[in-house]
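Report on one structure; see the data block that follows.
The values are calculated or read from the model by the stated rules, or taken from the named source; none is laboratory data. Note that the structure is a prediction, hence the values are computed from the model and not measured. Here the Cβ is made from the backbone with ideal geometry for all residues, glycine too, and neighbour counts use every protein chain on show. Surface accessibility is based on the protein's heavy atoms, side chains included, excluding ligands, DNA and RNA. Shrake-Rupley method; radii C 1.70, N 1.55, O 1.52, S 1.80 Å.
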Amino acid sequence: MRKGERRDAWAAFCTLFVLIASHSLLETARDALFLGRVPAARLPWVYLAIALFSLLLVRFSGWAGRHLRPRQALEGFSLLAGCGTVAFYWLIPRLGAFGVYALYCWSGLLASLLLTYFWAHVGGVFSITQAKRLYGMIGTGSVLGAIVGSGVASFLSRSLPVELLLPIAGTGFLSATALPRLFGRGTLAELTEPRAPRLSETLTHVLKEPYGFRVGLSLLLASACLTLSDFVFKSAVAVLVPKAELGEFLGAAYFSVNVLSLLCQVGVVAWLLRRVSLGAALSVLPLSLLGAGLGVLAFGGLSAVLAVKLVDGALRHSLNRTAAELLFLPFSEGARRRVKAFVDVIAQRGGQVLSSLAILAFTTVSASPRVTAFALVVSAAAWAASAIALRRPYIELFRSRLQSGRIAHLDQFPELDVASLETLIAALDSENDQEVLAALGMLERERKTRFIPALILHHPSEQVVVRALSILTHTGRANLARVLSRVVEHPSPKVRAASIAALSVLAPDVARLRERLEHERSPEVQATIVVNLIVAGEFSLEEGGKRLSELSEVGSVDTLLALAEAIRVRKASGFMDTLGQLLRAKESEVRVAALSALSEVVPLTGADAEASRRLFSALISALVDEPLRPLAEQLLALRGQQAFAELRARFESPDTEARLRWRLPRAMSELNARLSVKVLLAWLPREKDGSVRYQVIRELERSLRRDPKLPVDKRALGAVLEETVGRAFRYLDRRLALARGAADEPRRKTPGHSLLVALLHDKERNARGRLFRLLGVLYPYEDFAQILRGLGGTPENRATSIELIENILNEPLRSAVLALVDDGADEQRLAQAAPYHEVLDLDYDSLLRQLTESNSEAVREVTRYHAAELDLVEPSREGGQAA
């Protein structure tokens, strides 16, 4: 238990203890009176009656749900249970056999009502993460209550009539009325105004919700199986135990069962819930009943029947009850009430009805007890299978909760439909230039440029016209030349240059170009004309180069952009020197335009090896230039295996500068994701640079997220995962050791100490982030990036993320990861480090000497500073002594 949880947890424990102790007294008296006065063969009729009365109580329960909060309903039903149970003490002698039937139905209805509202209130108080930690402790109250109740019943039955257990049980229920007020104020359950759902709403919701339907089905089978188990035990006891000894025998049997249940609750429940999925935990009881049922089939006798009761009693109210309540916590408050209503009314009572009808059929044809035992085996097998099958929809519910409201990736958007296309075309008429540009870009991306009208070239915005010209030039539409012949007279030099470049491609006219060159005064338009004349062979390379050099040296940015664009549009060869000069321009837009032109000039394949080499060199060098990087990555991705080999060689070379190596993993994966994953994963353990290692991990995660089917070397990945988990625990261990050292000697708590502790905390957090990216590689179909974000979000999102971690990962990795993300005490977290890290046993000075040898330069330098603060001497790199 952690700060802020103790009051509510102990209140829940005490309330459940008193309720179950009282009900155990009532149950012992009920069973002894019923089996002593009524044949056991009539038990199915009682089960059916309880189911029928449960249906009739739905309306009353709905009224209570609309007018009372869960805590108020629990208090009211506890008061009703106390008064009603005491009243039965006076009524049974007067009602005879009918009173015994009524008592049996009364006790069955009380258990359902009281526990339903108890868990409804508790479920609103705790999140699912808290519930997994605390429900085991709270459930111990149930088991202890059952032990005390059955023990008291067994003791009193030896000397007192069984009927006297009724007023004692009633007194217990009355005392439980005040216990819910021990809960703290302001809990979720207190603040929620519930509206009890109608049965039709409940059925509709459960049928539409896959997980809710699976929960209902599983608990229906559970109810059917447990009803058969109860009948197998009681029918055998009625035959084999003398009536006079029933009270003492049942009290002793229930006491023994409850002691075993306590042992399971204390020693098994919390441990099992931490290490297996919820579905697997729920399958323990049905699988155990399956084995016990097979024992009854094989051997028969009271011992075999007692084994069924021991399994049922030991696990039903400990492991199974705790796990079953956890099933409802993933739902929202409203959905939880709907599914709970379905389970209480349809599933639980429906299973009881099915089993009762089956038992009645067996008794009608005088079937042997082994037939009922066989039915128990079949129902237990079906229940176990349905419990195990809960895992997938359970995880899907948490995934959907964590992803709700998240914006989809660009590649997840569907293709344009007709309505969207109409919207885009209408946007071309917008008065907002940015809307028009966005529409043009979208039509180009979706390859719908044929829908762009040629008349857009008369748009008043020069930016729109230039963008449209760039797009339309590649379409080769015949009607563009006629429109362009008028656009070339545009007053804007940018538009004139772009239109001349486009017209030179669609309808080349050398004479007209020469004529325009003589009269054109704009340098950027002149640059466009010169490039096209050189391509047409009107200028020699020497003369053309001279003209271009002059324009490049004295021209404005617009002139340089026009020059690069003209080369790109005409795909003109022979301009490598000019483009190289433009790539060195200080303006980023000029460098981008030059790189784009260079990619069009040099073909993907060809005999010009020198040109290709220069292109590769330019593209790879451009990766460190942020404005050029996206385009360089795209262009490298078109160059095939030759480019990948060059990128790999640069990445693995120790002579490559760090800032370029940091960019190379992304370029490699864009070119060949399959080969990139193999190469990067194999290289990762050898990488010493932390920033490059992080980039490699990030790129591996990105590649697997885009294509989860990419092959991954699980052995190599496992080694990296182990190293990363160990690294995170190592930082935690060192930080705690520093804190203990400062606590032992306060003089050590210097500014350098605080800085070193904070640095190690940051290192631990960074290692945790890398760990989650690696988990995204190991489980490519799971969104571990979103899970990590959820850990830092609202309490509900955090609980959801932790639940996904528990259900996705396997041991021992699961316990280690949960310890790293837990918000509990650091010492408890470090206790989960094995087998990834062995806790340090170093004194303070030895720890500082170890930290001076860290791979992290920041850790080394801060440690040296702190050592100097303390006047310590630490070894230098050369083996001497340094301060």
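Listing for the model above:
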{"read-out": "Qualifying residue in region 785-793 (condition: of a type in the set (A, V, I, L, M), open to solvent by less than 50 Å² (accessible area, probe 1.4 Å) and more than 30 Å from L671 (Cα to Cα))", "value": "yes"}
{"read-out": "Test: V712 is of a type in the set (V, I, T), open to solvent by 10 Å² or more (accessible area, probe 1.4 Å), assigned to a helix (DSSP H, G or I) and at negative phi", "value": "no"}
{"read-out": "Among the candidates A799, A833, A825, residue that is surrounded by fewer than 16 Cβ atoms within 10 Å (Cβ to Cβ) and not basic (K, R)", "value": "A825"}
{"read-out": "Selection count where residues are in a helix (DSSP H, G or I), touching a Ser or Thr at 6+ places or on another chain (Cβ under 9 Å), surrounded by 20 or more Cβ atoms within 10 Å (Cβ to Cβ) and not β-branched (V, I, T), scope region 363-390", "value": "8"}
{"read-out": "Lone unmet requirement of (1) over 24 Å from L144 (Cβ atoms); (2) among the small types (G, A, S); (3) at pLDDT 75 or above for S200", "value": "(3)"}
{"read-out": "Some residue of region 267-278 being in contact with a Ser or Thr (Cβ under 6 Å, 6 or more places away or on another chain) and of a type in the set (G, A, S)", "value": "no"}
{"read-out": "Helices (runs of 4 or more DSSP H) (entirely within region 422-509) containing at least 2 residues that are loosely packed, with under 15 Cβ neighbours inside 10 Å", "value": "433-445, 480-487"}
{"read-out": "Helices (runs of 4 or more DSSP H) within region 613-703 that include 1 or more residues at positive phi and open to solvent by 10 Å² or more (accessible area, probe 1.4 Å)", "value": "640-652"}
{"read-out": "Number of positions in region 70-86 that are modelled with pLDDT under 85 and out of contact with any helix residue (DSSP H, G or I) (no Cβ under 8 Å at 6 or more places or on another chain)", "value": "1"}
{"read-out": "Single condition G124 does not satisfy, out of (1) open to solvent by less than 30 Å² (accessible area, probe 1.4 Å); (2) among the small types (G, A, S); (3) more than 29 Å from the chain's Cα centre (by Cα); (4) more than 23 Å from A21 (Cβ to Cβ)", "value": "(3)"}
{"read-out": "Only listed residue being crowded, with 19+ Cβ neighbours inside 10 Å and not small (G, A, S), chosen from L310, L260, L273, L302", "value": "L273"}
{"read-out": "Residue pairs meeting the criteria (Cβ under 7 Å; at least 6 apart or on separate chains; first free of Cβ contacts under 8 Å to residues at least 12 places away in the same chain, in region 358-379; second open to solvent by 30 Å² or more (accessible area, probe 1.4 Å))", "value": "V371/F362"}
{"read-out": "Failed item in (1) modelled with pLDDT under 80; (2) open to solvent by 40 Å² or more (accessible area, probe 1.4 Å); (3) farther than 19 Å from T177 by Cβ, with R6 passing the rest", "value": "(1)"}
{"read-out": "Residues within region 837-852 that are crowded, with 17+ Cβ neighbours inside 10 Å and either touching a Ser or Thr at 6+ places or on another chain (Cβ under 7 Å) or without any contact (Cβ under 8 Å) to a residue 12 or more places away in the chain (or both), tallied", "value": "3"}
{"read-out": "Test for E646: is it at pLDDT below 90 and over 34 Å from the mean Cα position of the chain (by Cα)", "value": "yes"}
{"read-out": "Where a residue in region 215-239 is touching a residue at least 40 places away in the same chain (Cβ under 8 Å) and its partner, wherever it lies, is part of a helix (DSSP H, G or I) and among the acidic types (D, E), with Cβ under 6 Å and at least six apart", "value": "S229/D312"}
{"read-out": "Residue in region 678-696 that is more than 26 Å from N855 (Cα to Cα) and in contact with a Gly (Cβ under 9 Å, 6 or more places away or on another chain) present", "value": "no"}
{"read-out": "Selection status of S107, closer than 13 Å to A169 by Cα, of a type in the set (S, T, N, Q) and open to solvent by less than 40 Å² (accessible area, probe 1.4 Å)", "value": "yes"}
{"read-out": "Residue check for A97: over 50 Å from the mean Cα position of the chain (by Cα) and open to solvent by 20 Å² or more (accessible area, probe 1.4 Å)", "value": "yes"}
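Conditions (1) open to solvent by less than 10 Å² (accessible area, probe 1.4 Å); (2) among the acidic types (D, E); (3) modelled with pLDDT of 75 or more, marked per residue:
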site	(1), (2), (3)
A298	no, no, yes
T322	yes, no, yes
L326	yes, no, yes
A347	yes, no, no
V353	no, no, yes
